[in-house]
1. Round to the nearest 0.05 the FRET efficiency obtained for Ser142 and Glu727 when R0 = 56 Å and r is the Cβ-Cβ distance.
2. In whole Å, what are the Cα extents of segment 1-159 along the three principal axes, biggest one first?
3. In whole Å, how far is the Cα centre of segment 253-268 from that of segment 760-806?
4. Once phi is turned into θ = phi - 60°, what whole-Hz ³J(HN,Hα) does the Karplus curve with 6.51, -1.76 and 1.60 give for every residue of segment 508-519, x standing for Gly and Pro?
5. List the residues whose amide H sits under 5 Å from the amide H of Cys311, counting only those 5 or more places along or on another chain, with H placed 1.01 Å from N in the peptide plane.
6. So what are the ³J(HN,Hα) numbers for segment 115-129, from phi and the Karplus equation (6.51, -1.76, 1.60; θ = phi - 60°), rounded to whole Hz, Gly and Pro as x?
7. Under a crude label model (7 Å from the Cα following the beta-carbon direction), how far is Ser511 from Leu798 in nanometres?
8. Roughly speaking, what is the centre-to-centre gap between segment 275-306 and segment 560-596 when only Cα atoms are used, to the nearest Å?
Amino acid sequence: MRVKEILRAATQAWSPAMKHPAYLALGTAAQQLDASFNTSAALEIFEMDFADTSMDMKLRGTLPTSNRFHSLIWVAFDMEVKGSSGRLIGGSESGTVSVFSPDAILSAGEDAVIGQSNKHTGPVHTLDYNRFQSNIIASGASDSEIYIWDLNNFSNPMTPGAKSQPAEDVSVVAWNCQVQHILASANPSGKAIVWDLRKNEPIIKISDHSNRMHCSGMLWHPDVATQLLLASEDDRLPVMQMWDLRFATSPLKVLESHTRGILSISWSQADPELLLSSGKDNRILCWNPNTGEVIYELPTANQWCFDVQWCPRNPALLSAASFDGRISVYSVMGGRLQQQQHSTISASFDTSDPFGSGQALPPLQAPQPSVEITIIPPLKKPPKWERRPVGASFAFGGKLVMFESPKVAPQQQPIPRQVHVSQVTTETAFLQRSAELQATLQSRSFSSYCHGKIRSAPSDAEQDIWRFLMVNFEDEARVKFLRLLGFSKDELQRKLISSVVTQNWRDIVQSCELDNWKEALAALLTYANPEAFAPLCDTLGARLQAEGTEKRCLQACLCFICSGNIERLVECWTSQRDCSSPLELEDLVEKVMILRKSIERLRSGEVCVQSSALTEKLIQYSSILASQGSLSSALRYLPDSPDQVHTLIHIYIVTVKLTGELLMISNICMCCEFESLILLDGWNDPPAVRAGQRKKKVFIICIIMLLIIIHLQLPAEHVEQKEIPAEHMILKTTFSSLVQRCQLAAADPQTKRKLDDASKRLESLYDKLRDQALSPSILGGLHEISRCVGSRNYQQGLEVHTQVVSSSNFSEISAFMPVLKMLMTIANKLAV
């Protein structure tokens, strides 16, 4: 789209890439007149100020000149010196080559002209600078004149060799982008000569055998040293020819799309797959020279554009100079274009008496210009400077996905991007302890596990807890609890006697001094009957916990271990420990799982703990495991009870949102077999383990599907529904009718549930029809499927379905194409 514009009949040159902000130098064009017939000449510098939303360019400096310009370049010479803006080189109609100081022009200072030479005998048509030595300039003029200039010694130019014969104008010179001593020149007759400056002679000549190749432009390939592009101005052959000097008998490739002769070409140095051309057919085209495809066309006015140039500083910008006296700056990234046709020729005449005859003419009844607004799309493919060469993203399960674009040598076949998926673990100690716990739970070597914990315990209180936990796996546990408390049964029989006689243990635990908690617990261990033992221990533990100190809470934990109360143990432990860090959470889970296994041993069966606090901690624990890649272990700790659905929904929403995986999961669930989900890792477990886990995994699938339904069906706000276009109503009628026929014929509940779900999911198709968001190829495929369904030819419908899926963008069809396949499969099976 057009972003800046100015009325000037001028040649142009962008400031070098290192110059900020970007400037555009304009020299009054030779052999052109504006509407006022002004014959003056000037060199002007404009700033590209994109903070200003108007179309105007800001004039920053101007210098009157004695000659008009055929060619103009801006080189980075001496820009390594602080504050320098390089040099402007101009080739004039009189044969003069002039060197200007942009800094002097910008500051309106004196001595803006640094050097001048009249070595050329005719107009200087072309200039170019050496990409390796910015002080080296080449110029081409009439009579086959080519000079090589050194800005450090401007008065003594050299020639690349003897003049080519017969003598003719040099229309273009171009330095090779890869080899610094190679220069090419071209003539309007279509002949191109490649010079070797080390030998001062031409090394190869190329020309088109049709003799219709009137050369208007020539460029070296930015990456391939031996490839050269020639453009033809002849209306009979409006093409660009790609030549390779290794096979110079005929063009390597011909780019054809212009209908009239080509006036100018420019190759992007930021992306070799972008080549500009402008022609006498009023078109500016952007090509991919590798494929020969036109990938973009810029909207232009109804005048020829004689010069196009990419901006070195901002590779998305280009400038175009046209014969109607306009310099326009465009962006290939698209946008909103507003253009208005108007003429300035009438401004040159006196409207009351244009011919000086003394008689006024009646006013011209000209139509008012109309303003047209056009939405301009960007390039079809992201340009090279917009493509990320590397990238990385974290995914669910501690996965790190990385990609990179391998460097490809020129003319080498593109190498597919490599995507690497690796596992990232940040909690090594946590994973090691979790693995040890999991191994213990599977091997059931609980006593040895507790022994290890006692040896590595950081405090006496921690040792006591693990000793009490270990006793639960031994015979005569109550006797051994007594020993851990420092008592023996005989000693207790000699003490608190009235209570033994009356058996009033509740009074003891409720009224005893808490400093004597050991004696109270020992008495319960010795004399309380099994039915009353656990509640009495809990009562004593609750009194200790109520004190609120860390010491009392640890003593309460021993009471809860004795009673086997997992819920109270979790509450007591978490009241003093934060448990937010992985290792602190691991401390709690280890104790809970070992205590749970000891209770299961005593009761000879599984223990179901109804504790919201425990559920929250286990889900938190599972989430950490999953984030570290231990998905199978994480599944084993998820609660089994459906009463905790709300908790699971909460944790999965949080997890999925944090990892950005909700959309990915929804697409996978819609299009795969559910058993292949990565969340269901563990299907390779032994049959006994797999059977025990299947119920849990199916439950998780239900939770995931619930999340997907919430995500897909819950709108942010109520939006009034549009009508489906009349030409596509047949699709809704046909598919809805198919669902109804299948529902009437289906007998088993599972099929009916699938059909109910299909009816809801088809709404996504109808929404896309309402929004007209489907491409013509997909719509054509859907209508073909509809015709197959209408004729009950489901097999052919499935074949059409396969063709549509294989040739379409997956994200565009993933919401409804799997539903149609399922519907046709069921209909074929039910014969409806």
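The values are calculated or read from the model by the stated rules, or taken from the named source; none is laboratory data. All figures in this text were calculated on a predicted structure; none of them were measured in a lab. All Cβ positions, even for glycine, are placed from backbone atoms using ideal geometry, and neighbour counts span all protein chains on display. With ligands, DNA and RNA removed, areas are computed over all heavy atoms of the protein, side chains included. Shrake-Rupley method; radii C 1.70, N 1.55, O 1.52, S 1.80 Å.
1. With R0 = 56 Å, the Cβ-Cβ based efficiency is 0.30.
2. That works out to 47, 41, 33 Å along the principal axes.
3. If you average the Cα positions of each part, the centres end up 41 Å apart.
4. Couplings: 5, 6, 8, 10, 5, 5, 5, 5, 9, 4, 4, 4 Hz.
5. Amide H to amide H, under 5 Å and 5 or more residues apart or across chains, Cys311 pairs with Leu317, Leu318, Ser319.
6. Per residue, the Karplus-derived 3J(HN,Hα) values read x, 8, 8, 10, 5, 6, 9, x, x, 8, 7, 8, 9, 7, 10 Hz.
7. Each label point is offset 7 Å from its Cα along the Cβ direction, giving 8.2 nm.
8. 73
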